[in-house]
Each structure stands twice: as structure tokens, then as C-alpha cells.
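S.K.: Here's a structure for you.
The values are calculated or read from the model by the stated rules, or taken from the named source; none is laboratory data. Just so it is clear, the model here is predicted, and its values are computed rather than measured. Counting neighbours? That spans all protein chains shown, and the Cβs are built from the backbone with ideal geometry, glycine included. Side chains are part of the model used for accessible areas, which takes the heavy atoms of the whole protein and leaves out ligands, DNA and RNA. Shrake-Rupley method; radii C 1.70, N 1.55, O 1.52, S 1.80 Å.
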Amino acid sequence: MSLFKTSNIFAENLKQFPNIDTIERIEISQDNQLSTIENADGQRGSLALYYYLFKTMGELDIYAAKRGLELYAEHTADARANPGKHPNIDRLILIEATHKPMTMKVIYKEGAEPTSNWDEKDDETDDNPQ
């Protein structure tokens with residue numbers, strides 16, 4: 001895995017996120033409230049960003065929120081100026097403001113297995129470094 005080079009352009013950051021082909025959705029919860037980011041048109045960029053946060057940070061805490069806002073790049077300013085326009089960014093802004101973490105659960109597509117060095121299967125073994 002190469003070093004992540006953070007850009008101030010979301011599309012550049014997106015190219016560096018882990019592959020999401022095997023992911024159906026990510027479920028995000030806090031205080032019995034559940035929301036999802038689906039592997040669907042219009043959501044794949046957010047799915048990839050949240051999957052990156054899941055793989056690198058585990059939960060959505062203040063540190064993950066700040067990192068996510070940094071990676072959303074130019075979209076973060078738009079979300080701050082237009083609350084409700086970008087709900088997946090709004091969620092990170094809320095965590096940043098309240099310091100109240102959320103949990104994430106990755107749901108893989110039926111029959112799919114993690115395929116890259118970002119995924120659990122490879123994380124658990126050092127026998128096959130890439």
C-alpha cells in the first residue's frame with residue numbers, strides 16, 4: 001500500500017480509496033438511529049470515503065470526522081454553507097461539533113469476500129504481504 005496523498009480535490013482523493021466492488025452498504029448508527037450508504041449511483045464516492053475511514057479508524061469519532069471532512073475537500077465548504085445538501089458530510093460535521101461518535105458496520109455483497117490488502121482477510125495475515 002502506498003502513502004495516501006491528501007488533495008484539496010475530492011476526485012483526486014477518491015482515486016486512492018479502497019475498492020468497494022464487494023461492498024453492498026455501510027450501516028452507521030448512533031443512539032438507536034441507523035442510516036446507510038449504499039453501493040449505488042450518487043453514493044459510491046461517500047461509500048468509498050466511509051470505507052476508508054472504517055479501515056483506517058474503525059469508528060466515526062472526532063478524529064475520523066476531521067479526516068473525512070479533509071478528504072471530502074471542496075465539498076466540505078459547500079456542505080457547511082448548505083446544510084442538508086450533503087447528508088454524508090453533514091454527519092461528519094455533526095460528529096465534529098458534538099464529539100459524539102457513531103459506529104460503522106460494513107455489509108458485503110452476498111457471496112463476496114474482501115479482495116484487497118485493505119480488507120479483513122488480508123489484514124489478519126502477514127504471510128502474503130503486497
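S.K.: Go through segment 67-115 residue by residue and tally those that are of a type in the set (D, E, K, R), touching a helix residue (DSSP H, G or I) at 6+ places or on another chain (Cβ under 7 Å) and under 18 Å from Arg25 (Cα atoms).
M.R.: Going through segment 67-115 one residue at a time, the tally reaches 1.
S.K.: Scanning segment 34-56 for residues that are in contact with a helix residue (DSSP H, G or I) (Cβ under 9 Å, 6 or more places away or on another chain), of a type in the set (Gly, Ala, Ser) and closer than 24 Å to Ile95 by Cα, which turns out surrounded by the fewest Cβ atoms within 10 Å (Cβ to Cβ)?
M.R.: Step by step, filter segment 34-56, then rank; the result is Ser35.
S.K.: Now a separate question. Filter segment 7-33 down to residues that are more than 21 Å from Tyr108 (Cα to Cα), at pLDDT 95 or above and open to solvent by 40 Å² or more (accessible area, probe 1.4 Å), then give me how many there are.
M.R.: Of the residues in that region, 4 qualify.
S.K.: For segment 20-42, enumerate the residues that are closer than 18 Å to Ala65 by Cα and touching a Lys or Arg at 6+ places or on another chain (Cβ under 9 Å).
M.R.: Ile26, Glu27, Ile28, Ser29, Gln30, Asp31, Ser35, Thr36, Ile37
S.K.: Would a scan of segment 62-80 turn up a residue that is within 18 Å of Ile107 (Cβ to Cβ) and exposed (fewer than 15 other Cβ atoms within 10 Å of the Cβ)?
M.R.: For segment 62-80, residues within 18 Å of Ile107 (Cβ to Cβ) and exposed (fewer than 15 other Cβ atoms within 10 Å of the Cβ): absent.
S.K.: Let me ask another. Within segment 81-130, which residues are modelled with pLDDT of 95 or more and β-branched (Val, Ile, Thr)?
M.R.: If the condition is that a residue be modelled with pLDDT of 95 or more and β-branched (Val, Ile, Thr), then Ile89, Ile93, Ile95, Thr98, Thr103, Val106, Ile107 are the ones that fit.
S.K.: Looking at segment 9-60, which of its residues are hydroxyl-bearing (Ser, Thr, Tyr), under 19 Å from Thr103 (Cβ atoms) and in contact (Cβ under 8 Å) with a residue 24 or more places away in the chain?
M.R.: Within segment 9-60, Ser29, Ser35, Ser46, Tyr50, Tyr51, Tyr52 meet the criteria.
S.K.: Could you grab the pairs with beta carbons closer than 7 Å, sequence gap of 6+ or different chains, first residue in segment 94-111 and closer than 13 Å to Asp21 by Cβ, second one of a type in the set (S, T, N, Q)?
M.R.: Filtered contacts from segment 94-111: Tyr108/Thr22; Lys109/Thr22.
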